[in-house]
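Reading through the structure tokens given below for one structure.
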DNA sequence: CGTTTATGGATACTGATACTATCCGTCGTA
DNA sequence: TACGACGGATAGTATCAGTATCCATAAACG
């Protein structure tokens, strides 16, 4: 398959495919001559993944690169592969909260993790985001929401349990891909469902 | 309070505040003379909200504008206010799936909504995203995840229920603000918690 | 009372991101 | 053997989220 056919097969313009190649999101095709390469099913598959992440899940291209790199690094433990993908998914956010608010939130979050028995490394980027969010909620006067942290955590555990049950991939490669897709598209799924459920509830309560 | 003090009170640089004023995210201060304005508590509060949405929840500035506009439009029903905010939160996504895949997913999602008894308008942007996501999951070969749609929906209902319980605001204005903050920061909360729960689970299973 | 600093308002510039477009020399096919 | 497609490189574009600069005026300080 040449690049034109790859483009037709995926609906992605040739210049965009070239861009993904340049950025290292897509492995180069096998060169059959100095200026002729051939692409296969793998490339179609990968492009579909890229598009889902970029268009649907709005993951920045640089992050998609890290994610596919972690997928291709099948020589490291699965847990580390997932860790790499997780790191790519949590953007570095400018600190919003005051140091005091953050410190208080950190204590609170720490207690939550202990209660739930979640063992995470202290440098996990998602941890910083959670702390920052709790601090922001308090600063914005939404203490009532913070009071439900444990209930939130319980519902979140349900998702994670579902996703573990859902991954039933035959090979190690496919397992990793399954987990990563589940993590990312699962979030889009949850977000859109949540909006719909809210709309329905809001219609019942306030209209 | 003048703009310099506002800047000091919030930690936001003066040029950035001016930018938010230009973009209409922040109401202008009361003019005491042709080139002197005074700002109050409302402005501090609003800036904190803007920063939480922009920095923490990564909502684009244009969308934040629509959200604060919907908050200020307290002359329309609460349900419509929330609808406006919801619309601002669902970015227009380029269609990813093939027409056939989308049509199949649409049927599936429709059945789900009926089963759950969710009543949403057919033009809800989140609906399109959900359909697109289901189609993408199928195209990417993640049918096993799609099989858990109902379980996902159930867990999502749990969140919505929590959030309804959590909003206990005295006034109509504060109710709207509470719902909007809950919707947006609640998502950041869920996302970061989910990542942490996954990391913990992944450590237990695969390390 | 004069000088320095801050302010509101307008306009211009910047850096990052995600593509698009163009060019060039080569290659495969008709 | 002509002609469009290709690989590879470089340059250009649009959008976004601020920053920076300028101006005339107002406030604060000595």
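The table that follows gives values for the structure above.
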| item | result |
| --- | --- |
| Failed criterion for residue B:68 (all others in (1) out of contact with any helix residue (DSSP H, G or I) (no Cβ under 6 Å at 6 or more places or on another chain); (2) surrounded by fewer than 17 Cβ atoms within 10 Å (Cβ to Cβ) hold) | (2) |
| Selection from the stretch B:64-88 of residues that are more than 10 Å from every other protein chain (Cβ to nearest Cβ), outside any loop (DSSP other than H, G, I, E, B) and without any contact (Cβ under 8 Å) to a residue 60 or more places away in the chain | B:64, B:65, B:66, B:68, B:69, B:72, B:84, B:88 |
| Test: residue B:171 is farther than 25 Å from residue A:133 by Cα and either at the interface with another protein chain (Cβ under 7 Å from one of its Cβ atoms) or without any contact (Cβ under 8 Å) to a residue 12 or more places away in the chain (or both) | no |
| Checking residue B:99 against (1) within 16 Å of DNA strand C (Cβ to nearest atom); (2) over 19 Å from the mean Cα position of the chain (by Cα), the condition it does not meet | (1) |
| Given (1) surrounded by fewer than 19 Cβ atoms within 10 Å (Cβ to Cβ); (2) closer than 20 Å to residue B:193 by Cβ; (3) touching a helix residue (DSSP H, G or I) at 6+ places or on another chain (Cβ under 8 Å), number of the condition residue A:155 does not satisfy | (1) |
| Which numbered condition residue B:61 fails, given (1) within 16 Å of DNA strand C (Cβ to nearest atom); (2) surrounded by fewer than 19 Cβ atoms within 10 Å (Cβ to Cβ); (3) more than 11 Å from the chain's Cα centre (by Cα); (4) within 13 Å of another protein chain (Cβ to nearest Cβ) | (4) |
| Residue within the stretch B:21-36 that is surrounded by fewer than 18 Cβ atoms within 10 Å (Cβ to Cβ), modelled with pLDDT of 95 or more and within 12 Å of another protein chain (Cβ to nearest Cβ) present | no |
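The values are calculated or read from the model by the stated rules, or taken from the named source; none is laboratory data. Keep in mind that this is a model prediction, so the values were computed, not measured. Using ideal geometry, Cβ is built from the backbone for each residue, glycine included, and neighbour counts are taken over all protein chains shown.
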